[in-house]
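Below is one structure, written out as structure tokens; comments come after it.
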Amino acid sequence: MYEYVKHLRWAKIKVGLVVTIALIIIFLAVMFAGNIEKVFAPTVEIFAEFQDVKGLREGSPVWFSGVEIGTVKLISFAEMNIVQVKMAITSDAIKFLKKDARASIMTLGLLGDKYVEISPGSHVSESLQPLDMIGGTTRTEIQDVVHTSQVSIEKISDFVGMLEEVLVKIDTGQGTVSKFIKDPAVYDNLSGAISELTQLLRKIESGSGTFGRLINEDQVYVDLSSSVGDIKVFAEKLKGSEGTLNKIIKDPSLYNKFQ
């Protein structure tokens, strides 16, 4: 009886082990369908630095040229405002990467899952080595665009509100602008001033009045020119003469006697 129970328990244990192993195999087949060889493929680690990882998580895929080449292993703070991401990528892929390669955080599909996209870098740069650090960039997402649009719409709304207040004040007759628009006295005064200015210009063109003669006739200029010539001749004579007037100008003795 004891031997029968012992064999029965051993049979149950063997069945349980077989079922457990089968379930593990099915689970691995479902999770890594078509990628079993990648699980055991040799990998190397590289690092990237970001200012904002936008919700990137450990285990997120790493892509290169549209091909998944690895996963994110660790996300940690390196220093203030700098987040360091450790990635494990296949050793075959690192041969195509350069030291100036860039890592960008992208959004996968409509669910918002994040992944890392690595650019190859320039041909003139040196090859990337394991444990090297590359720069990281965060692309602008639709949420950022929506947020910026909301801020812009709020500013436009505030401007429209201010403009509406100004228009209401103008419509109710408040302020100088409203007076200019609604009060005809300003227009009448401008119209009268323009009419008077037109008449003045017509008189000047016709030569009426002193100002018109000064503009249209050259006799005053001729007289002034002649007078200037006479004054110049008188000054030259005065400068070279020895008369009383020249002595009064140059000799201070008369001034001293008055003193």
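The values are calculated or read from the model by the stated rules, or taken from the named source; none is laboratory data. Everything quoted here is computed from the prediction, not taken from an experiment. Positions of Cβ are generated from backbone atoms using ideal geometry, with glycine treated the same way; all protein chains shown enter the neighbour counts. To get the accessible areas, we keep the full protein, side chains included, count just its heavy atoms, and leave off ligands, DNA and RNA. Shrake-Rupley method; radii C 1.70, N 1.55, O 1.52, S 1.80 Å.
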Go over the candidates Ile134, Ile94 one by one and state the one that is crowded, with 18+ Cβ neighbours inside 10 Å and assigned to a strand (DSSP E or B). Ile134
Working carefully through the options Phe64, Phe77, find the one that is on the phi < 0 side of the Ramachandran plot, of a type outside the set (Lys, Arg) and touching a helix residue (DSSP H, G or I) at 6+ places or on another chain (Cβ under 7 Å). Phe64
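Quick grid of which residues meet (1) in contact with a helix residue (DSSP H, G or I) (Cβ under 6 Å, 6 or more places away or on another chain); (2) surrounded by fewer than 11 Cβ atoms within 10 Å (Cβ to Cβ):
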position: Lys155; (1), (2): no, yes
position: Phe159; (1), (2): no, yes
position: Val166; (1), (2): no, no
position: Asp171; (1), (2): no, no
position: Thr176; (1), (2): no, yes
position: Lys182; (1), (2): no, no
position: Leu190; (1), (2): no, yes
position: Gly212; (1), (2): yes, no
position: Tyr221; (1), (2): no, yes
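Counting only residues that are among the hydrophobic types (A, V, I, L, M, F, W, C) and either more than 18 Å from Phe50 (Cα to Cα) or surrounded by fewer than 18 Cβ atoms within 10 Å (Cβ to Cβ) (or both), which one in segment 100-127 is modelled with the lowest pLDDT?
That would be Leu110.
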Extreme residue, modelled with the lowest pLDDT, among residues of segment 63-79 that are within 18 Å of Gln51 (Cα to Cα) and open to solvent by less than 60 Å² (accessible area, probe 1.4 Å): Ala78
